[in-house]
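Chemist: Got a structure here, written out as structure tokens. Questions coming.
Read-outs: derived from the displayed coordinates by stated rules, not from any lab. Quantities reported herein were computed from a predicted structural model and do not represent experimental measurements. Virtual Cβ from ideal backbone geometry, glycine too; neighbours counted across all protein chains shown.
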Amino acid sequence: MAESYFGDDVVVVTGGGRGLGRAYCLELARDGAAIVVNDVAADVADDVVREIESAGGRAAASYDSVATLEGARSIVDTALERFGALHGVVNNAGSMANGMFEEITPAMLDRMLDVHVRGSFFVTQAAWPRMREQGYGRVVMVSSSGGMFAASGHANYAAAKAGLYGLCKALSWEGQEHGILVNALLPFAETTIAAADPVPGLVEAFPKGLLEGLSARGRPPEAVAPMVAYLVSRACTVTGEAFCAGMGHFARVFVAHGRGWNAADTVGITVDDIARHVDEIRDLGGHRVPKYLPDELELIAQSLGLEYG
Ligand SMILES: NC(=O)c1ccc[n+]([C@@H]2O[C@H](COP(=O)([O-])OP(=O)(O)OC[C@H]3O[C@@H](n4cnc5c(N)ncnc54)[C@H](O)[C@@H]3O)[C@@H](O)[C@H]2O)c1
């Protein structure tokens with residue numbers, strides 16, 4: 001990749017000490033960006049910084065937790081103090097606290113909301129004024145297929161990760177007039193995130209031989225990193241979109257609105273009407289992908305044949 005994809009850009013990668021985050025740091029550093037390697041596990045953050053520096057790259061470590069406002073501000077300050085700039089944020093820090101729904105305690109829910117939702121919210125909010133001021137910014141929200149498509153055994157994680165999709169969409173709207181592009185990522189890679197705490201019932205639910213087939217293909221974090229590099233680079237032109245990346249597969253994931261069924265009037269609609277039309281209501285044919293809420297309302301107005309404007 002040409003260095004012009006990043007110029008002298010500075011990128012913060014949260015949870016950058018292990019797994020996917022480590023792969024993002026190494027890829028971005030190789031591509032020319034200066035990296036703040038943030039991780040609450042100081043030893044692994046230091047290892048990644050050493051690895052980048054010994055390959056001739058620029059990196060600084062930060063050991064703050066993303067989950068507090070002070071921690072998030074301090075991560076951003078590290079970028080500004082060490083490199084005098086900040087252009088991109090990869091909100092990757094994460095963990096799991098798995099269990100079947102009835103076993104999930106308020107503390108397990110808080111852990112997920114803290115690291116995923118509050119963490120990504122706070123770090124991005126701390127970076128935002130700088131990005132607005134310079135009229136340029138790139139943000140990646142690391143969501144998950146575990147949230148957007150979901151599975152049993154991690155309802156707290158699913159709720160938090162799906163929440164990041166909403167955060168991505170809302171910030172992409174607010175950022176567009178300031179040159180700030182915000183996208184979401186749904187990665188797949190073999191890491192240690194669930195090693196000590198497997199998602200109950202998940203592996204058993206896979207079709208026979210699927211995991212073996214995927215493992216034979218290989219699920220390295222390095223196969224996800226180029227997508228992240230693109231999304232935080234100057235080459236990126238898209239915003240408010242979500243991308244699946246893993247095993248060398250890259251695809252857009254989107255929320256769509258079906259053709260639906262329209263009642264003749266807004267009064268007098270009965271449960272019976274819904275029951276009779278539920279197949280039309282559920283039908284996926286003719287779906288469209290509104291970008292933002294007004295686009296969805298416009299689509300509804302068109303479907304109803306309303307005149308406006
Ligand atoms: N591995 C996958 O297939 C997969 C799939 C979908 C989503 N994800 C998401 O990708 C991200 C990275 O996952 P991974 O698989 O590389 O996991 P990982 O456990 O290997 O790495 C996560 C890193 O985040 C750090 N971290 C945790 N809490 C933190 C905090 N409060 N502040 C700063 N750092 C913190 C950890 O110390 C760890 O080094 C996570 O957000 C995860 O939910 C992973």
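Chemist: Of all DSSP beta bridges in the chain, what percent run antiparallel (nearest 5)?
Modeler: 20 percent
Chemist: So what is the orientation-averaged projected area of region 1-46, using the convex hull of its C-alpha atoms, in nm²?
Modeler: Approximately 2.8 nm², given one-decimal rounding.
Chemist: Taking the chain as a Gaussian network, Cα atoms linked when under 10 Å apart, which of R130, R276, R82 shows the biggest mean-square fluctuation?
Modeler: For the chain, modelled as a Gaussian network with Cα springs under 10 Å, the answer is R276.
Chemist: As a test, work out the antiparallel percent of DSSP beta bridges whose residues both lie in region 96-247, rounded to the nearest 5.
Modeler: Here the share of antiparallel DSSP bridges comes out near 0 percent.
Chemist: If you don't mind, another one. So what is the relative contact order for the chain, in percent, with contacts set as C-alpha pairs under 8 Å and at least six apart?
Modeler: 15 percent
Chemist: So how do 152-165, 278-291 stack up, highest first, on mean other-Cβ count within 10 Å?
Modeler: 152-165, 278-291
Chemist: Kindly rank 44-52, 5-13 from highest to lowest mean number of other beta carbons found within 10 Å of each residue.
Modeler: Output ranking for 44-52, 5-13: 5-13, 44-52.
Chemist: Ok, one more. Let a ≥ b ≥ c be the square roots of the eigenvalues of the Cα gyration tensor of region 180-309; is it rounded (a/c under 1.5), or, if not, prolate (a/b larger than b/c) or oblate?
Modeler: Judged from the Cα gyration tensor, region 180-309 comes out oblate (a/c at least 1.5, b/c at or above a/b).
Chemist: Pop the C-beta distance of R30 and H257 into the FRET formula with R0 = 35 Å and round what comes out to the nearest 0.05.
Modeler: In this case the efficiency is close to 0.30.
Chemist: How big, in percent, is the set of alpha carbon pairs in the chain lying more than 27 Å apart?
Modeler: Cα-Cα pairs of the chain separated by over 27 Å account for 47 percent.
Chemist: Now for a separate question. What's the extension gain from V278 to E204 if we count 0.36 nm per residue and subtract their Cα-Cα distance?
Modeler: Working it through step by step, the gained length comes to 23.4 nm.
Chemist: Obtain the radius of gyration and the Kirkwood radius of region 204-272 from its C-alpha atoms and give Rg over Rh.
Modeler: 1.25
Chemist: Set the Förster radius R0 to 25 Å, insert the Cβ-Cβ distance between T266 and L293 as r into 1/(1 + (r/R0)^6), and round the FRET efficiency to 0.05.
Modeler: Once the sixth-power term is evaluated, E becomes 0.80.
Chemist: Would you look at the GNM of the chain, springs on alpha carbons closer than 10 Å, and say which of E102, E53, E222 moves the most?
Modeler: Of E102, E53, E222, the Gaussian network model singles out E102 as fluctuating most.
Chemist: Short version: ³J(HN,Hα) in whole Hz for each residue of region 70-84, in order, from phi by Karplus 6.51 cos²θ - 1.76 cosθ + 1.60 (θ = phi - 60°), x for Gly and Pro, what are they?
Modeler: 5, x, 4, 5, 5, 4, 5, 4, 4, 5, 5, 6, 7, 10, x
Chemist: While we're on this one: Could you pull the Rg and Dmax for region 30-117, using just the Cα atoms, both in Å?
Modeler: 15.4, 50
Chemist: Using a 10 angstrom cutoff on alpha carbons, build the Gaussian network for the chain and name the most mobile of L109, L86, L214.
Modeler: The residue with the greatest mean-square fluctuation here is L214.
Chemist: Could you work out how far helix 42-54 tilts from the main Cα principal axis of the chain, as a 0 to 90 degree angle to the nearest 10?
Modeler: That helix lies at roughly 70 degrees to the long axis.
Chemist: Run down the lysines and flag those whose C-alpha is under 24 Å from the C-alpha of K169, throwing out any fewer than 8 positions away in its chain.
Modeler: K161, K291
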